[in-house]
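Shown next, in structure tokens, is the structure this report addresses.
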Amino acid sequence: MRTTLVFFICFFGINLLRADDALRSIQVEARSEVRVAPDEAVLDFYISSLDESIIKAKSINDGICLKIARAIKQLNVEADAFRVTDLQIGPRYDGRPPRLVGYEVIRSFQLRTGAFNEVEPAIAVILEIAGNEVEIDELNFRVKDQRQHQIRARELAMQYAREKAEHLAALNEMKLGQPISISESIEYSDGSNENFSGFGGGFSFRTPTVTQDQVFCVFSPQTSLVQNPEKEELSDEEEDLLLSPGQVSLNASVDVTFELVPQ
């Protein structure tokens, strides 16, 4: 009986200590942001060809894509920077009830380049060759090597979390002990507005409408942006303003629980 009572007291005492430890802790969340200049532009587009004959649709698509590949190569783009990302071949139905209108071939491409001055000529060439067969999907500006920026964002987030916890502890006449738990999340975005997408800044060419917060570039397949005899001579700074990638931001968020000890 005495042995059982001693065991019960010890066990109950351990639970009290654990409950007391849980009360003597503070949990804080902190967020940091690191802004950096992008070093890569990523252009996604696809060529869609439709015809009653699947063989002819494929032939049309092959011809357009081959011309685009040759034209892109002449822009001094690296061989591995331009590639096919997807190929879809299938029937196209329309109306209700659905009726077969033909066969569609869709070939998707991606162009990556660190020379931002190559982006506009590439878009112009693609639109001139493909016309209505092309859909410019997205143009994103990214940072290829994110690791060093992730480390910096994480360091800042932890610094802010500790400063915040120390302040709250001091207001209650306590001080911080060791961290009990740490969790983090990292978000990589352009940091400007929701119209930009992907890992970095970007422009959508899908909807050519203009609102207060959106400016979309609309290109005409019949207009050359590469060879324009009436184009005004611009300085290097003015050329950069026509396609400025701005900055992309990498955000780190940490959730930290610190032990609280008396001062």
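Structural remarks
- When the range 120-150 is filtered for residues that are part of a helix (DSSP H, G or I), buried (at least 21 other Cβ atoms within 10 Å of the Cβ) and within 23 Å of the chain's Cα centre (by Cα), the ones remaining, listed by number, are ALA122, ILE123.
- Failed item, numbered, when GLU163 is tested on (1) farther than 30 Å from THR257 by Cβ; (2) acidic (Asp, Glu); (3) not in a strand (DSSP E or B): (1)
- A single member of ILE72, ILE55, ILE106, ILE68 is surrounded by 14 or more Cβ atoms within 10 Å (Cβ to Cβ), of a type in the set (Val, Ile, Thr) and either in a strand (DSSP E or B) or free of Cβ contacts under 8 Å to residues at least 24 places away in the same chain (or both), and it is ILE106.
- Within the range 76-103, being surrounded by 12 or more Cβ atoms within 10 Å (Cβ to Cβ), within 26 Å of the chain's Cα centre (by Cα) and touching a residue at least 40 places away in the same chain (Cβ under 8 Å) holds for one residue alone: VAL77.
- Looking across the range 151-171, the residues that are surrounded by fewer than 18 Cβ atoms within 10 Å (Cβ to Cβ) and either under 21 Å from the mean Cα position of the chain (by Cα) or at positive phi (or both) come down to ILE151, ARG152.
Coordinate-derived values only; no laboratory data. Just so we're clear, the structure is a prediction, and the values are computed from it rather than from any experiment. Cβ sites come from the backbone with ideal geometry, for glycine too, and all protein chains shown count toward neighbours.
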